[in-house]
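*Asks:* First the structure, which I've put down as C-alpha cells, then a few questions once you've had a look.
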Amino acid sequence: MMKTPPTPEQILRKTIAQARKAAWKGWDPYDALSSPLVRASSFNLPVLRTAWIQLFKRSPVNLRPLTANPKLENPKALALFASAAWEIAPLWNREAETIAHEILDRIQRLAIRQGGQVSWGYPFDWQSRAFFAPRNTPNVIVTTFCGHAFLDGFEGSRDEHYLAEAVGACRFIIGSLQQTTRGNSLCFSYTPLDRSRIHNANLLAASLLERTAEVTGHSEFRQAAEQALQYSLEAQNADGSWPYGEASNQRWIDGFHTGFNLMALHAMAQGPWRNRIMSALSSGYAYYNNTFFLEDGTPRYFSNNTYPIDIHSAAVAILTFHALSNEFPGARSKARQVLSWTLAHLYNTRRQTFIYQKGRFYDIRISYLRWADAWMARALSTHITAESLAAKEPHGSYASSRLPD
C-alpha cells in the first residue's frame, strides 16, 4: 500500500521544525571558503578561490564534512524563514509569531551597524567574477531580504523597533552602496566594494526603499526607488527579458533572477508608478512564462538551457506566479503546477528535505538551508496562505501585493 504523500502544510511545518532544531544553521552552495583547509590551499588567488567554490557547488558528494566546513547562521536564510512565519501567522497564530520573533532577534544580532545604517552579508568569504568579498561584507541582496523581513514583522506586530531596522537598511542602500547614474536614473552596486550593475539587485533594493517610504513617508527613499526603477526599466530587452547584469560576462538570462525582477516590479506597481511599470511587467511576465517552464511545470534554469533544474528556480517560480495571479490569468494554476512538480521531483521524502539540483547526467541531492529549505519555506507559506484566501473568496480571487522575498 502506497504511503500518502505529505501535504504542503506538513512539509512546511517539518522544514521549519528541522531548521529550528539545527539552531537555524546549515551549509550553502557557495560556502567552500569557510573551510580553513580550502582557504589555506587557495593561496589568496582569485582563480583558486573560484575553482574551490565551483567544485563544492557542482559536486554530487558533499565535501564539507571532509574539509571541516562549519554550518553557519545565514541572515538571508533567517530572513526568508521569518517572512514565511509572518506570512503563515494568520493560519498558525501565536505559534508562527513566536518563531518569527525568535528569528528576527537572531537577525538583529547579526547586523552590521554604522552611523544609523544597518546591513547584513553572507557569513562566508566568496569570490565573484569581479571581486573578493570577505565574510560579513554587507551586500544589497541580503540587506534587502532582511529589511523586508523586518517590515513583515512591523506589519505583523506594529513593533517600531522592527520598522527602525528597515529604515536603517534603506540608509545603508542609499548611503554606502556605489551608484552608477544614467541621466536621472541610478543603479545600486552589489556591495560597497564594487560598481556592478545587476538588475535584480537594483530592483529589489528599489522595492525595499519604496515599501519603507510608503510606511514612513521618507521622500529620499522614494526618490531613490524611482531612480533605480527607471534604470532597470530602461535596461529591459525588447522581448521582455533582462540580462543578469551589464558587464560583458553578465549577459546571461536565467529564471529565478527574472522572477526577482517581476516580483519587485509587481510590488512597486501597487504604488505611484503603476502605469509606468505595467507595460514592462506584462512583457516580462510573458517572456518568463513562455521561456522558463516545460509543459509539465519543470522550471528551466537558463533561457537557452533547461539544466540544471534548481530548487531555487522552482521556489521563486511559485512565489512569482502567486504574486502576479491577480494581474495575469493562469498564474495561480501555474504556481500549483510548479509546486506539484517540485514536490514530486525535488523533495526527498525519506529525509524530508529539499534537494539542490537535478542535472542532465546526475543529481545533487545535498540539502542547503538558504538555497533550498528557506526558499521553499517561503514559497510554501505563500502558497498555503493564498490557497486559504482563495477558498474564502466567492470567485476564488485574492490579493498578494507584498514582495515575496
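Read the figures in this text as sums done on the coordinates, not as results from a lab. Since the model is a prediction, treat every value here as computed from it, not as a measurement. Cβ sites come from the backbone with ideal geometry, for glycine too, and all protein chains shown count toward neighbours.
*Asks:* Treating the beta-carbon of each Lys and Arg as +1 and of each Asp and Glu as -1, no other charges, what is the dipole magnitude of the chain about its Cα centre, to the nearest 20 debye?
*Replies:* It works out to roughly 1160 debye.
*Asks:* OK, next. In a Gaussian network model over the chain where Cα atoms closer than 10 Å are linked, find which of 67, 382, 50 has the largest mean-square fluctuation.
*Replies:* 67
*Asks:* Computed from these coordinates, which is Cα Rg over 2.2 N^0.38 Å: [x] 0.92; [y] 1.00; [z] 1.12?
*Replies:* Given [x] 0.92; [y] 1.00; [z] 1.12, the structure-derived one carries the label [x].
*Asks:* Roughly speaking, what is the centre-to-centre gap between the stretch 230-281 and the stretch 39-107 when only Cα atoms are used, to the nearest Å?
*Replies:* Here the answer is 27 Å between Cα centres.
*Asks:* Considering the dipole of the chain built from charges on the beta carbon (Lys and Arg +1, Asp and Glu -1) around the Cα centre, which of 352, 260, 314 is farthest to its positive end?
*Replies:* Most positive-ward Cα: 352.
*Asks:* Take the residue pairs 21/392; 334/392; 25/358 and return only those whose Cα atoms are more than 27 Å apart.
*Replies:* 21/392
*Asks:* What's the FRET efficiency of residue 307 with residue 239 using the Cβ-Cβ distance as r and R₀ = 25 Å, to the nearest 0.05?
*Replies:* With a Förster radius of 25 Å, E is 0.70.
*Asks:* Could you point to the residue in 115, 132, 157 farthest towards the positive end of the stretch 93-158's charge dipole, with +1 and -1 charges on the Cβ of Lys/Arg and Asp/Glu respectively?
*Replies:* Positive-end residue among those listed: 132.
*Asks:* Also, I was wondering about something else. Under 11 Å from the Cβ of residue 243, count the other residues' Cβ atoms, weight Lys and Arg +1, Asp and Glu -1, and hand me the total.
*Replies:* For residues surrounding residue 243, the net value is 0.
*Asks:* Work out, step by step, the length gained on full extension between residue 344 and residue 361: first 0.36 nm times the residue separation, then minus their alpha carbon distance; give nm to one decimal.
*Replies:* 4.2 nm
*Asks:* Put +1 on the Cβ of every Lys and Arg and -1 on every Asp and Glu Cβ in the chain; which of 298, 141, 45 then has its Cα farthest towards the positive end of the dipole?
*Replies:* 45
*Asks:* So, R0 is 35 Å and r is the distance between the beta-carbons of residue 114 and residue 250; what FRET efficiency does that work out to, to 0.05?
*Replies:* The calculated FRET efficiency here is 0.75.
*Asks:* Given R₀ = 45 Å, what would the calculated FRET efficiency be for residue 179 paired with residue 336, taking r from the Cβ atoms and rounding to 0.05?
*Replies:* After rounding to 0.05, the efficiency reads 0.65.
*Asks:* Give the longest segment of the chain that steers clear of trypsin sites (Lys or Arg not before Pro) in DSSP loops with at most 10 neighbouring Cβ atoms within 10 Å, not counting the sites themselves.
*Replies:* Longest run free of exposed loop sites: 4-157.
*Asks:* I would also like to ask the following. As a check on your grasp of the helix formula, calculate [θ] at 222 nm for the chain: sum -39500 (n - 2.57) over DSSP H runs of n ≥ 4, divide by the residue count, round to the nearest 500.
*Replies:* Helices in the chain give a 222 nm mean residue ellipticity of -17500 deg cm²/dmol.
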